[in-house]
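Below is one structure; the comments refer to it alone.
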Amino acid sequence: MQATLFEPLRWQEQPSRVAVYNGSEERNVYFQITAPKDLGTICQGRPVEELPRILSILGPAHHIASAVVLDRLFNAEPPPMAINMRQALLQTLVFTHHLRKLFFFLTSLEDPLADRQTVGKSFGQPLFSRHLFDEIMQCLSLAQEAATILGGRADHPLTAVAGGVSRYVKPAVYDRLAEISDSCVSFAIRLTEFLGSDLFENPEVLESLPAVSFEPMPALSMNDAGSIVLHDRTGQESDRFTSDDVFDKIELFREPWTYEPFACLKGKGRNVFDANDSDGLYFVGPLAGLNARLELSTPYAEEERRRFVDTLGPPPHFTLIAAYRSLLVELVRASERMTGLFNPEKLTGPSTRTVPQELQQQQATGAVESPQGLIVHRYRVDDRGMVEEADILDAASQNNALLCRTARRAVEESMNRNRSQDETKRNIEASLLPF
Amino acid sequence: MNRFEPKIIAFLCNWCSYVAADAAGVARLTQLPNVRVIRVNCSGMVDPGYVVKAFANGADGVLIGGCHPGDCHYISGNIKTLRRSFLLKSLLKEVGVEDGRFRLEWIAASEGPRYAKVVNEMVEEIRNLGPYVPLSRRPAKGAA
Amino acid sequence: MPKKKLAVYTANGCRVCENSILDVHFQVSPFTPWADVGFWPYLTGSQWQDLDGDHRFDLCLFAGAVRTVDDRSAALRLREKSRLMLAVGACSAFGGMPGLLNLNGAADKADLVVPEKSAEPALPRTESRVSALSDIVAVDYVVPGCPPPKNLLWAAIQALICPGECTSRISYSASRLPDPISQSVASGILPPRGSTFAGEKAVCASCSRVKEEKKFTSVLRPYEIDPDPGRCLLEQGILCQGVATREGCGGLCTAAGAPCRGCFGKAEAVFDPGAKMISAISSTFDSTEAAEIKTMSQGFVDLAGTLYRYTMPAQCVLLAGPAEDEIHAGDVV
């Protein structure tokens with residue numbers, strides 16, 4: 001058996017590689033996460049109030065998910081101002097995350113670090129002005145500034161605590177926040193015009209993207225009201241439950257060839273490699289949200305969603321280009337929601353938090369729609385509030401099956417088109433990026 | 001097989017415990033020879049870092065000897081030691097130093113016999129515990 | 001002056017450090033006029049083959065802790081190829097949050113299932129403990145923090161990459177950086193080996209909260225109190241590690257109402273951050289009664305996991321240092 005390794009993979013959050021085995025009868029492609037996270041173990045024995053800060057190493061949205069669990073453990077209902085501030089932070093995080101992914105996508109077409117003096121010599125006619133990189137990063141830094149104002153730090157936030165947030169937003173920055181959200185909206189709209197109309201419909205770009213589509217899978221997402229909705233592979237709603245029931249419906253399982261567990265619906269097929277026996281495997285993320293076919297509440301995002309439907313047809317979609325476009329739709333949506341929330345009226349109130357007195361529950365669950373998709377935390381604590389068990393349903397586990405399949409499709413497609421090793425690697429990376 | 005001889009570092013206060021240790025020697029009381037004494041001006045100057053460093057450098061036990069509360073030559077140095085001792089004990093336990101390897105004892109200048117008794121007890125206790133092995137050097141459970 | 005060559009890599013950690021390096025390039029001051037990035041898998045898609053050959057890097061920015069045998073061999077290979085090694089972020093500098101596994105038994109969790117079928121790929125084995133970069137190879141410089149603040153990361157890039165005549169270097173004002181670092185940024189001469197790009201004193205020196213006499217009679221868990229915004233957190237009975245932690249962040253967390261957890265590692269003069277904190281906390285107990293002090297002490301939970309939150313593998317004196325049994329020469333490529 002001859003194995004080909006594509007390692008390390010570009011843009012992936014975790015150390016990962018793709019292993020291709022060319023057997024005599026079949027070709028097997030494995031998407032491997034090559035290091036364990038073991039966050040459940042790290043959390044054991046820690047005081048539960050420290051978990052929002054510890055778990056933010058998984059991604060800043062986990063900070064908020066963890067604080068939601070704390071609210072429930074202590075029965076401390078956060079004041080509206082704190083809920084708004086957390087939501088504003090979350091939308092800012094969605095914005096930065098998607099913007100960075102789109103930046104990465106553009107860097108696959110042009111080298112972002114090429115010395116400006118040599119540009120034009122080594123590349124042919126550029127697809128876009130390199131100034132776009134600067135503009136994206138400028139907007140990203142504005143959004144990071146907003147995240148710092150709201151969260152204390154942009155990447156590993158601090159402010160969400162049990163029962164609310166740890167501090168007010170200072171009046172001195174209200175104007176700044178409004179300024180930031182305005183420029184984020186206008187930049188997001190510009191980006192949809194440029195990327196959506198020009199780039200994603202440019203044959204040269206479409207040629208560089210592997211024409212990957214994956215087998216239809218159920219999609220899980222959280223609606224605005226906070227219930228978790230499952231859509232089957234035809235896009236019909238098939239189940240609806242609250243975050244408390246998540247771990248009754250969903251379980252994790254391991255495969256020996258990857259450190260990342262897979263999430264699947266209990267009692268259903270879970271064969272990663274067999275589309276006929278995999279009705280329990282599902283995916284989450286921006287595309288899962290759009291496949292729910294819901295109208296979006298904000299005008300520009302709804303417009304962009306309609307454009308998405310007009311161009312690609314009615315959802316559900318299971319293609320790479322749809323995944324990239326869903327990032328754009330969510331980018332606009334996040335920027336508009338930021339505008340709505342970056343409002344002094346929403347960010348002020350008589351108190352920042354309900355100070356919890358003592359532990360009310362031994363176990364609680366909390367869910368948040370993170371930039372990468374739905375995340376759910378469940379903690380079990382002893383009577384002193386020390387963590388006995390922490391279950392973390394990360395977007396990476398829920399999309400693991402999807403990534404395995406996309407990687408496989410990307411490899412097959414590259415081989416059918418007789419691509420070189422380097423091109424195959426690039427195809428794999430571009431297919432894994434938007435999830 | 002040779003009997004395990006623990007190494008114990010004793011930080012003894014110049015005004016009480018060190019004098020007691022001296023007196024115990026002069027009185028020819030039986031003491032096990034496992035203790036290395038470091039004379040300090042006051043038990044209050046024994047920073048938790050000293051204790052940690054002693055263990056890190058191969059001590060099997062650490063004894064801090066100070067004056068009885070109220071008798072401190074510097075008024076309240078020994079109270080400072082007392083305040084630290086509980087947290088230090090819990091920290092040491094959490095990072096793998098068993099209970100009994102660290103002791104804080106009040107030994108007045110006149111209590112030579114008590115000093116000898118404390119030392120002998122501690123040596124026996126640590127002998128039972130065995131040599132101190134840092135958590136990071138203990139063989140892993142189960143895994144290869 | 002020939003352009004320098006850079007390598008950037010993350011072993012076991014999140015990607016925030018790498019994103020910060022990218023952000024410094026775009027948001028603060030571009031470094032590509034002075035240096036070419038020769039190896040950066042995350043951003044440019046470099047592969048391991050790109051390390052073959054006899055070219056060398058002037059500087060390697062290494063982020064993330066060492067958890068698997070692959071991480072170890074990456075650290076060894078990059079060290080061999082690089083003239084200077086910069087540890088970026090708490091994971092790389094001290095082991096970081098993954099280092100807490102050393103307390104909870106990293107080896108016990110090595111539940112790796114060996115593939116039964118030969119057609120299934122194997123996984124790199126996890127090591128029996130999580131290590132900081134300095135446990136594996138010699139580290140020349142350190143930028144601590146989780147993630148490192150952009151100004152310190154920039155100072156490091158300025159000092160190590162940009163030549164003396166670079167305009168941004170000349171305009172740099174090194175506010176609270178130690179003298180050797182700010183001199184290096186200004187002059188173009190490398191700072192002394194082993195320098196840390198951060199302050200020398202403790203976080204308290206730059207924390208904006210008002211410190212009075214620290215005395216308290218009851219201990220609080222951070223969830224139990226909405227702390228007074230202007231007063232020292234430790235005085236209010238919350239465990240805050242500013243006293244033992246190196247400054248450089250400007251009191252970021254304490255300003256946001258969250259206690260310091262020591263992501264910059266121990267301050268220069270501290271021997272062991274945990275022991276230092278024990279000393280600092282207990283000096284604030286307002287009691288002389290053994291029983292009372294004992295009760296107060298019991299209010300502090302999970303001391304090791306909190307006091308060594310980011311520093312367990314490298315700075316917890318009693319847990320530091322590689323265990324003899326874990327150097328498997330055969331595993332290192």
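Please work out whether the range A:337-435 counts as rounded, prolate or oblate from its C-alpha gyration tensor, where a ≥ b ≥ c are the square roots of the eigenvalues and a/c under 1.5 means rounded, while otherwise a/b larger than b/c means prolate and anything else oblate? Because a/c hits 1.5 or more and a/b fails to exceed b/c, the range A:337-435 counts as oblate.
Expressed in whole Å with the largest first, what are the equivalent ellipsoid semi-axes of the range B:12-111 derived from the C-alpha gyration tensor as the square root of 5 times each eigenvalue? After scaling each eigenvalue by five and taking roots: 22, 18, 10 Å. At a threshold of 8 angstrom on Cα-Cα distance, excluding pairs fewer than six apart, so keeping six or more, what relative contact order does chain B reach in percent? Value for chain B: 35 percent. Using the alpha carbons alone, the radius of gyration of the range A:228-374 stands to its Kirkwood radius in an Rg to Rh ratio of 1.04. Applying a DSSP loop filter and a limit of 11 other Cβ atoms within 10 Å to the GluC sites (Glu not before Pro) in the range A:287-383 leaves A:Glu295, A:Glu345, A:Glu358. Mean-square fluctuations from a GNM of chain B, with a 10 angstrom spring cutoff on Cα atoms, peak among B:Gly100, B:Gly65, B:Gly130 at B:Gly130.
Chain A packed on chain C takes about 6200 Å² of accessible surface away from a 1.4 Å probe, both sides summed. Adding -39500 (n - 2.57) for every DSSP H run of four residues or longer, then dividing by how many residues chain C holds, sets the calculated 222 nm ellipticity at -7000 deg cm²/dmol. Rounded to the nearest 20 debye, the dipole size of chain A about its Cα centre is 460 debye, using +1 on the Cβ of Lys and Arg and -1 on the Cβ of Asp and Glu. Rolling a 1.4 angstrom probe over the range B:28-144 with all protein chains present gives an accessible area of which 53% lies on carbon and sulfur atoms. Take each peptide in A:371-381, A:257-267, A:151-161, count the other Cβ atoms within 10 Å of every residue, and average; sorted highest first, the result is A:151-161, A:371-381, A:257-267. Just how far, in whole angstrom, is the range A:5-37 from the range B:44-62 if you go by their alpha carbon centroids? Here the two parts' Cα centres lie 48 Å apart.
Spin-label pair A:Ser213-A:Gln138: with each label point 7 Å from Cα along the Cα-Cβ axis, the two points sit 4.0 nm from one another.
What the Cβ-Cβ distance of B:Ile38 and A:Gln361 gives, at R0 = 51 Å and to the nearest 0.05, is a FRET efficiency of 0.50. Note on C:Ala122 and A:Arg176: the model spin-label points, each 7 Å out from Cα along the C-beta direction, lie 5.3 nm apart. Computed from the alpha carbon positions, the gyration tensor of the range A:151-233 leads to an equivalent ellipsoid with semi-axes of 35, 25, 12 Å, biggest first. Carbon-plus-sulfur accessible fraction, chain C (probe radius 1.4 Å, protein heavy atoms only): 52%. For the range C:205-293, trypsin sites (Lys or Arg not before Pro) are listed when DSSP marks them as loop and at most 14 other Cβ atoms sit within 10 Å of their Cβ; the list is C:Lys211, C:Lys215.
Would you kindly give the portion of the calculated P(r) for the protein assembly as shown that falls above 53 Å, as a percent of all Cα pairs?
For the protein assembly as shown, the fraction of Cα-Cα distances above 53 Å is 17 percent.
Computed extension length for A:Asn22-A:Ser297: 94.2 nm, one decimal, from 0.36 nm per residue of separation with the Cα-Cα distance subtracted. Only aspartates and glutamates eight or more places from A:Lys249 in sequence, or on another chain, were considered; those with a Cα closer than 12 Å are A:Asp239.
Pull out a ≥ b ≥ c, the square roots of the eigenvalues of the alpha-carbon gyration tensor of the range C:2-69, then state rounded if a/c is under 1.5, prolate if not and a/b is larger than b/c, and oblate in the remaining case.
Here the range C:2-69 falls in the oblate category.
Using every pair of distinct Cα positions in the range A:30-117, the Kirkwood expression returns a hydrodynamic radius of 16.1 angstrom. Sparse packing (at most 12 other Cβ atoms within 10 Å of the Cβ) combined with a DSSP loop state is found for none of the chymotrypsin sites (Phe, Trp or Tyr not before Pro) in the range A:165-221.
Cα centroid separation, the range A:401-421 to the range B:1-19: 69 Å. With a/c under 1.5 counting as rounded, go ahead and sort chain C into rounded, prolate or oblate using the C-alpha gyration tensor (a ≥ b ≥ c being the square roots of the eigenvalues; past the cut-off, prolate if a/b is larger than b/c, else oblate). The shape class here is oblate.
Applying 1/(1 + (r/R0)^6) with r as the Cβ-Cβ distance of A:Asp224 and A:Thr4 and R0 = 35 angstrom yields a FRET efficiency of 0.20.
Antiparallel beta bridges, as assigned by DSSP with both residues in chain C, represent about 20 percent of the total such bridges.
Roughly what % antiparallel, to the nearest 5, for the DSSP beta bridges in the protein assembly as shown?
Approximately 55 percent, going by the DSSP bridge assignments.
Taking chain C as a Gaussian network of alpha-carbon nodes connected by springs under 10 Å, the highest mean-square fluctuation of the residues C:Gln47, C:Gln158, C:Gln241 belongs to C:Gln47.
Between A:Lys266 and A:Glu423, what FRET efficiency follows from the Cβ-Cβ distance if R0 is 35 Å, with the result rounded to 0.05? E between A:Lys266 and A:Glu423, to the nearest 0.05, is 0.30.
Taken about its Cα centre, the protein assembly as shown carries a charge dipole of roughly 2200 debye when the Cβ of each Lys and Arg holds +1 and the Cβ of each Asp and Glu holds -1.
The values are calculated or read from the model by the stated rules, or taken from the named source; none is laboratory data. Since the structure is predicted, the reported quantities are computational estimates derived from the model, not experimental observations. Every residue, glycine among them, receives a Cβ derived from its backbone with ideal geometry; neighbour counts consider all protein chains shown. The area values use the complete protein model at the heavy-atom level, side chains included, leaving out ligands, DNA and RNA. Shrake-Rupley method; radii C 1.70, N 1.55, O 1.52, S 1.80 Å.
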